[in-house]
Amino acid sequence: MGLLSKNDTLNSEFIMLGFGDLAGLQIFFFGLFLAMHLVTLAGHTTIVLITLIDSCLQTPMYFFLRNLSTIEICYILVIVPNMLANFLSRSQRMPLLGCALQMHLFIALGGAECFLLAVMAYDRFVAICNPLRYAVIITRALCLQMLTLACISGFALSLILTTLIFLLPFCQSHEINHFFCDIPAVLFLACSDTRANEIAVFLVCLLILLVPFLLILLSYAFIIAAILRIHSAEGRSKAFSTCAGHLLVSVLHYGCAIFIYIRPKSCYTPEQDKIVSLIYTNVTPMLYPMIYSLRNKEVKGALGRLLDSYNQMRQRPATR
């Protein structure tokens, strides 16, 4: 049955149950996750600003980091404001097309982030394994091409995935036991045989998640081998410090995503998925700026220079 022939489905709404079973703690969780959301936005916005303003950070590595933070800002804005509203109500209605749009943007931005993390691993691979040719290989034109390809791939695969899911008939309950229109939660409501769709969804998820992750692991296999060949302990430490933040972010990002999406519909457990999704959409994005700034002397130095400039600007009127 095609989507266009199901007028009742097109005109229907989904009901987001969210965290209605935590009525006594909803205000507490609203305040907690609102604070986390603001910290996350502040952290990523700071990275975008300092990598734009500071002349020492005009390199391919920080170009990719800036765009990663930009994608992350858009990514959390698609999910978190709606989640916060859900904390204040027992249920929230969302039109089917609104649900499809949220899913599409969530997958597209998440997919673009997955591909961009793989691109960043390639950048570190060239920097560590072929440093003398780094400037020749990683040009500004190549950076723009790889960024464009990562974003187009994310949005194209997301469109395919979202279409596959919303072609299914939702003829039973339209209550989604989640705080956003996530793939497993919506797929769980389909009342027809979804095996073909599940296989297609699984294959698309493989392209978005496993292929970039395997490329990252391959890059780091070569990077670790190159680091071990460095004779001085200081050189090994410096080389590893440029990669440690990216590697940790990649493990956090792909670990949660693979757990949620690379599995059959029969293994879906709503409560467990909500907890993992809370971590995936709130906790890990908040940690990323901290990981990059705490492990990176250049980012900390740029932040210090930015704060010094701000303090000097504040003091100038007082000295007149």
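General remarks:
- Selected residue [part of a helix (DSSP H, G or I) and open to solvent by 50 Å² or more (accessible area, probe 1.4 Å)] from LEU157, LEU215, LEU161, LEU206: LEU215
- Hits in region 189-200 (condition: of a type outside the set (S, T, N, Q) and either open to solvent by less than 10 Å² (accessible area, probe 1.4 Å) or not in a helix (DSSP H, G or I) (or both)): LEU189, ALA190, CYS191, ASP193
- Among the residues listed as ARG124, ARG133, the single one being part of a helix (DSSP H, G or I), surrounded by fewer than 20 Cβ atoms within 10 Å (Cβ to Cβ), out of contact with any Lys or Arg (no Cβ under 6 Å at 6 or more places or on another chain) and among the charged types (D, E, K, R): ARG133
- Inclusion of TYR310 among residues that are at pLDDT 80 or above and either surrounded by 15 or more Cβ atoms within 10 Å (Cβ to Cβ) or of a type outside the set (Asp, Glu) (or both) is not warranted.
- Restricting region 171-208 to residues that are among the hydrophobic types (A, V, I, L, M, F, W, C) and touching a Cys at 6+ places or on another chain (Cβ under 6 Å), the residue that is farthest from MET94 (Cα to Cα) is ILE208.
- Taking (1) open to solvent by 10 Å² or more (accessible area, probe 1.4 Å); (2) touching a Leu at 6+ places or on another chain (Cβ under 6 Å) in turn, GLY111 satisfies each apart from (1).
- Condition broken by ALA239, with the remaining ones in (1) under 24 Å from the mean Cα position of the chain (by Cα); (2) modelled with pLDDT under 90 satisfied: (1)
- For region 1-94, the helices (runs of 4 or more DSSP H) that sit wholly inside it and include 1 or more residues that are out of contact with any Leu (no Cβ under 6 Å at 6 or more places or on another chain) and modelled with pLDDT under 75 are 7-10.
- Number of residues in region 42-91 that are farther than 29 Å from PHE179 by Cα and open to solvent by 30 Å² or more (accessible area, probe 1.4 Å) equals 8.
- When PHE170, PHE180 are checked against the criterion of being open to solvent by less than 10 Å² (accessible area, probe 1.4 Å) and either of a type in the set (Gly, Ala, Ser) or more than 23 Å from the chain's Cα centre (by Cα) (or both), a single residue qualifies: PHE170.
- The single residue among LEU144, LEU116 that is of a type outside the set (S, T, N, Q), touching a residue at least 40 places away in the same chain (Cβ under 8 Å) and closer than 25 Å to LEU209 by Cα turns out to be LEU116.
- Scanning region 129-146 for residues that are farther than 22 Å from ILE223 by Cα and under 22 Å from the mean Cα position of the chain (by Cα) turns up LEU144, GLN145.
The values are calculated or read from the model by the stated rules, or taken from the named source; none is laboratory data. Keep in mind the model is a prediction, meaning the values are calculated, not measured. Cβ atoms come from the backbone with ideal geometry, glycine included; neighbour counts cover every protein chain shown. Please note that ligands, DNA and RNA were not included when accessible areas were found on the heavy atoms of the full protein model with its side chains. Shrake-Rupley method; radii C 1.70, N 1.55, O 1.52, S 1.80 Å.
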